[in-house]
Amino acid sequence: MAVYEPTIGLEIHAELRTQTKMFCSSKNDPDETRPNVNICPVCLAHPGTLPVINGEAVRHVLRVGTALNTYSP
Ligand SMILES: [Zn+2]
C-alpha cells in the first residue's frame with residue numbers, strides 16, 4: 001500500500017487599490033456597476049495585443065510580501 005504525505009497550500013487573492021488593471025491601462029474601478037465599461041483589447045484578449053504588467057500593483061505586492069516576511073529584497 002502506498003504511503004502518502006499530505007501537502008496543504010493556500011492560494012490567497014487580494015484586490016489591490018490601483019488606478020489601472022493588472023495588465024493594461026484600463027481603469028480599475030471595482031465599484032463600476034455597468035458591464036463592459038472599463039475594458040480594452042488587452043482585457044478582451046484580442047489577437048495581437050500584449051499585456052503590460054502594472055508597476056503600481058507590483059510595488060503593492062512587494063510591500064505585502066515584505067510585511068508578511070515572505071519577501072526580502
Ligand atoms: Zn484593458
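Values in this text are rule-based calculations from the coordinates and carry no lab data. Just so we're clear, the structure is a prediction, and the values are computed from it rather than from any experiment. Virtual Cβ from ideal backbone geometry, glycine too; neighbours counted across all protein chains shown.
The H on the amide N of T20, modeled in the peptide plane, is under 5 Å from the matching H of N28, each at least 5 residues off or on a different chain. Taking 0.36 nm per residue of separation and subtracting the Cα-Cα distance, full extension of the segment from V37 to T70 would add 8.3 nm. Here, P(r) means the percent of Cα pairs in each 5 Å bin from 0 to the largest distance; for the stretch 18-73 it is 4, 18, 20, 18, 15, 12, 8, 4, 0. Ordering 22-29, 36-43 by mean Cβ neighbour count within 10 Å, with the highest value first, yields 22-29, 36-43. Each label was represented as a point 7 Å from its Cα along the Cα-to-Cβ direction; for S25 and I8 these points are 4.6 nm apart.
The slack between L44 and H60, meaning 0.36 nm per residue of separation minus the straight C-alpha distance, is 3.3 nm. Think of the chain as a dipole: +1 on every Lys or Arg Cβ, -1 on every Asp or Glu Cβ, centred on the Cα centre; then among P6, P35, V52, V52 lies furthest on the positive end. Neighbour counts of other Cβ atoms within 10 Å put H60, H13 in the fewest-to-most order H13, H60.
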